[in-house]
Amino acid sequence: MAIIVGGETRLLVQGITGYQGAFHTQLMLEAGTRVVAGVTPGKGGSRVHEVPVFETVDEAVRDTGANACVIFVPARFARAAALEAVQNRLDPVVIITEGMPVHDAIEVVAYARGHGVRVLGPNGPGVTTPGQCRVGIMPTHLFKPGAVGIVSRSGTLTYEIVAGLTRAGLGQSTAVGLGGDPVVGTSFVEALELFNADPETHAIVLIGEIGGNAEEDAARYIARHVKKPVAAYIAGRTAPPGKRMGHAGAVISGTEGTAEHKVMALEAAGVAVAPLVSGVPALLKARL
Amino acid sequence: MNLHEYQAKEVFGRYGLPVQRGTVIERPEQVAALGLRYPVVVKAQVLVGGRGKAGGIKLAATPAEAAEKARAILGMDIKGERVTRVLVVEAAEIETEFYLAFVTDRAARRVAAIASAAGGIEIETVAQTSPEKIARSDVDPFLGFPPFQARALGRRLGFAGAQLDEFVRIATALYRLYWTEDADLAEINPLALVGGHLLCVDAKLILDDNAAYRHADLPASEELTPLEREAREHGLAYVELDGDIAVIGNGAGLVMSTLDLLAHFGGRAANFLDIGGGASAESMQTALGIVQRKPGIRSIFINIFGGITRCDDVARGIVQNPPRVPASIRLTGTNEEEGQRILRDSGIAAGLDADEAARVAVELAGGRAGKPGSR
């Protein structure tokens with residue numbers, strides 16, 4: 001069954017007529033995803049890779065029974081696209097768009113919460129359940145169906161680690177990209193809850209990076225609730241101290257946010273933390 | 001983007017927030033023409049914190065004294081930042097200091113108002129020593145920060161009567177500024193009681209770079225080096241470091257892990273450039289131009305794992321602007337066969353895995369490559 005997306009997913013692509021939208025629609029179709037509709041205002045009635053394009057999400061849902069959405073529109077239109085998807089109860093709403101203003105993301109996340117809809121991103125690679133469904137941009141050929149769940153703040157590091165797991169003979173249940181922006185729709189803890197409850201996921205890989213305290217929250221959750229083996233990688237051990245931290249931001253995150261602090265918190269929770277990306281598969285295998 | 005105090009106060013003024021009269025100057029002689037009421041305070045305009053302790057804020061009783069203080073502060077080095085401007089403001093008799101800020105709380109995924117009756121010192125210090133003195137009020141983005149919520153926050157700080165009304169006006173205006181200008185942080189510290197009225201004695205404003213397109217009227221950032229600014233104009237994220245290996249990667253996480261990887265093999269990055277998602281051949285070409293312009297580059301490490309970025313696009317960019325220093329290239333992911341073919345046809349090797357390519361980049365820079373770590 002995996003998590004978030006699978007064979008039951010009927011996907012709607014916003015921005016399907018754009019360069020990235022059209023390109024990845026083709027790759028999602030090739031990965032076996034049921035892409036049932038596209039939406040681009042002004043381009044209704046056309047087709048992209050045989051997928052019908054509609055003027056509005058409302059029409060697309062009525063006509064095709066779409067139940068999930070991926071967004072490829074430019075940053076300045078992403079807020080409206082995501083709100084339209086949430087209002088039509090598409091779930092999940094996966095925002096690939098990079099460069100979305102933070103206040104726009106705050107509004108989308110608050111609106112989605114009110115509607116009980118899961119948002120992934122913005123600025124994420126999407127979510128893939130290998131062999132069943134790819135929503136977003138994760139390269140299909142790297143994956144192999146299996147029992148390792150992956151949750152990550154970084155797109156490219158996810159690909160890197162999935163490729164390593166596949167080479168090591170460790171297939172994946174679902175890979176979830178949370179997105180790299182300061183405010184994103186789904187946290188590590190929420191994704192861990194889903195993996196923890198999923199009988200087809202037997203082990204979990206967590207891929208974090210410096211900034212914020214989501215990894216520390218994840219460590220607390222793992223210590224209390226997760227019995228499945230967990231391996232992790234944290235990027236940014238040698239990154240220079242952040243230029244972007246504001247005063248009151250530091251109040252909220254306290255001393256949390258550095259790679260050392262995250263690694264310590266995860267190790268204290270019994271997580272195996274790899275010093276190099278390439279070390280993750282062997283560490284996880286040793287725990288299986 | 002972090003604004004200087006004088007820039008933040010210009011924005012504050014537009015939202016009706018009370019600030020002292022004052023002017024920013026670049027030369028001490030300009031003091032004479034200011035027409036301010038004395039005494040005045042001369043304040044270094046730097047983006048780093050702790051300028052008061054570093055001697056960057058001075059009181060002056062006369063124009064002559066103000067010019068003298070300005071001369072002393074201009075050109076000063078405060079934590080590595082050179083002072084090129086001072087703000088001269090009319091001095092205020094401060095009775096009590098408060099703290100007020102709106103901030104994006106990434107963990108809660110919302111905006112929070114943070115306030116304290118213990119103002120004038122760094123809020124982290126208050127959070128550590130007396131967290132009970134910090135009041136927090138979460139904002140519903142669809143409601144904004146209505147007067148009743150501001151009033152409740154003001155009461156928790158002990159305000160009453162006309163001062164409570166003033167606090168409500170300031171807090172609601174600060175929220176309006178925070179939201180309208182797409183700020184990550186809008187902070188008043190101290191929010192001071194002066195002659196029975198509230199005054200924004202210092203102002204800090206950090207703006208969301210992603211929203212810059214909505215605010216063409218705001219000043220350009222001064223935190224960036226010329227190359228960093230040029231990269232940003234091309235939609236690329238570029239940061240300068242102090243090693244000798246230029247790094248190009250795609251995605252913040254991958255780039256950070258690339259720096260960690262170079263360090264693991266005994267190398268040091270000179271800079272890094274994140275070409276981001278969906279990079280075109282043109283952006284790769286531009287990226288190569290930018291990273292190699294920094295003096296002292298001895299090798300270049302290109303680490304690309306294609307997702308939304310297509311390896312064939314990246315390879316075309318590399319071929320159109322081949323590296324001038326020895327390069328180690330790792331290229332895999334979406335359209336990788338086509339990408340590697342384009343590079344091979346131009347005589348450029350790119351078949352290495354990430355660890356191997358990092359080791360080669362360190363060797364090319366003349367460093368002693370350490371042995372591969374745990375794998």
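Derivation of every value follows stated rules applied to the coordinates shown; laboratory data play no part. Predicted, not measured: the structure shown is a model, and the values here were computed from it. Methodologically, a virtual Cβ is constructed for each residue, glycine included, from the backbone with ideal geometry; neighbour enumeration extends over all protein chains shown.
Label sites at residue B:346 and residue A:227, each approximated as a point 7 angstrom past Cα along Cα to Cβ, lie 5.6 nm apart. Extension gain, residue A:49 to residue A:76: 0.36 nm times the residue separation minus the Cα-Cα distance gives 7.1 nm. Distances between every pair of Cα atoms in segment B:21-90, grouped in 5 Å steps from 0 to the bin holding the largest one, split as 4, 21, 34, 24, 12, 6, 0 percent. Can you give the local net charge around residue A:39? Use residues other than it whose beta-carbon is closer than 10 angstrom to its beta-carbon, Lys and Arg +1, Asp and Glu -1. With Lys, Arg at +1 and Asp, Glu at -1, the net is -3.
Note on chain B: percent of Cα-Cα distances in each 20 Å bin, starting at 0 and stopping at the bin with the largest distance, equals 25, 42, 29, 4. Rg/Rh for segment A:10-120 stands at 0.94; both radii use Cα atoms, and Rh follows the Kirkwood definition. Past the 26 Å Cα-Cα mark, which pairs from B:58/B:294; A:228/A:262; B:69/B:204; B:53/B:133; A:144/A:228? Where the Cα-Cα span goes over 26 Å, the pairs concerned are B:58/B:294.
Calculated FRET efficiency, residue B:122 to residue B:94, Cβ-Cβ distance, R0 = 30 Å: about 0.95 to the nearest 0.05. When both segment A:102-157 and segment A:164-233 are represented by their alpha-carbon centers, they are found 12 Å apart. In segment B:61-89, which residues have a backbone nitrogen under 15 Å from the label point lying 7 Å from residue B:53's Cα in the Cα-to-Cβ direction? So the set is B:78-80. Distances between every pair of Cα atoms in segment B:94-214, grouped in 5 Å steps from 0 to the bin holding the largest one, split as 2, 11, 22, 25, 21, 12, 5, 2, 0 percent. Among B:284, A:264, a tally of other beta-carbon atoms within 10 Å of each Cβ gives an order, fewest to most, of A:264, B:284. The order of A:137, B:318, going from fewest to most other C-beta atoms within 10 Å of their C-beta, is B:318, A:137.
Look at where the Cα atoms of segment B:267-316 and of segment B:1-69 average out, and the two centres are 42 Å apart.
Restricting the calculation to Cα atoms, every distinct pair contributes to the Kirkwood radius of segment A:126-287, found to be 15.7 Å. Exposure proxy for B:343, A:165, B:241: other Cβ atoms within 10 Å of each Cβ, ordered fewest to most, give B:241, B:343, A:165. Within 10 Å of the Cβ of each residue in A:127-136, the mean number of Cβ atoms contributed by other protein chains is 0.
Among beta bridges identified by DSSP and lying wholly in segment A:57-207, the antiparallel ones come to about 30 percent. The label point for residue A:268 and the one for residue B:163, both projected 7 Å from the Cα toward the Cβ, are 4.0 nm apart. Of the residues B:322, B:75, B:19, the one whose Cα sits farthest towards the positive end of the charge dipole of chain B is B:75 (charges of +1 on Lys and Arg Cβ, -1 on Asp and Glu Cβ, taken about the Cα centre). In this simple spin-label approximation, residue B:282 and residue B:38 carry label points 7 Å from Cα along the Cα→Cβ vector, and these lie 5.8 nm apart.
Placing unit charges on the Cβ atoms only, positive for Lys and Arg and negative for Asp and Glu, gives segment A:10-120 a dipole magnitude near 120 debye about its Cα centre.
Temperature 37 °C, viscosity 0.692 mPa s: under these conditions the Stokes-Einstein estimate for segment A:88-131, based on its Kirkwood radius over C-alpha pairs, is 297 µm² per second. In plain terms, the chain from residue B:213 to residue B:77 could stretch by 45.7 nm, reckoned as 0.36 nm per residue minus the Cα-Cα distance. Computed over segment B:226-364, the Cα gyration tensor eigenvalues convert (square root of 5λ each) into semi-axes of 19, 17, 14 Å, ordered from largest to smallest.
Straight-distance candidates among the aspartates and glutamates for linking to residue B:79, with alpha-carbon spacing under 20 Å and chain neighbours fewer than 8 residues away dropped: B:5, B:26, B:122, B:124, B:202, B:222, B:223, B:240, B:242.
At a threshold of 8 angstrom on Cα-Cα distance, excluding pairs fewer than six apart, so keeping six or more, what relative contact order does segment A:126-287 reach in percent?
Relative contact order comes out at 22 percent.
D by Stokes-Einstein for chain A, Kirkwood Rh over Cα pairs, 4 °C, 1.567 mPa s: 68 µm²/s. Taking the charge dipole of segment B:48-170 about its Cα centre, with +1 at Lys and Arg Cβ atoms and -1 at Asp and Glu Cβ atoms, the residue from B:56, B:142, B:86 reaching farthest to the positive side is B:142.
Just how many % of Cα pairs in the protein assembly as shown lie over 33 Å apart, if you round to the nearest whole percent?
Counting every Cα pair in the protein assembly as shown, those more than 33 Å apart make up 51 percent.
Here the contact order of segment A:10-120, divided by its residue count and restricted to Cα pairs under 8 Å and six or more residues apart, works out to 23 percent.
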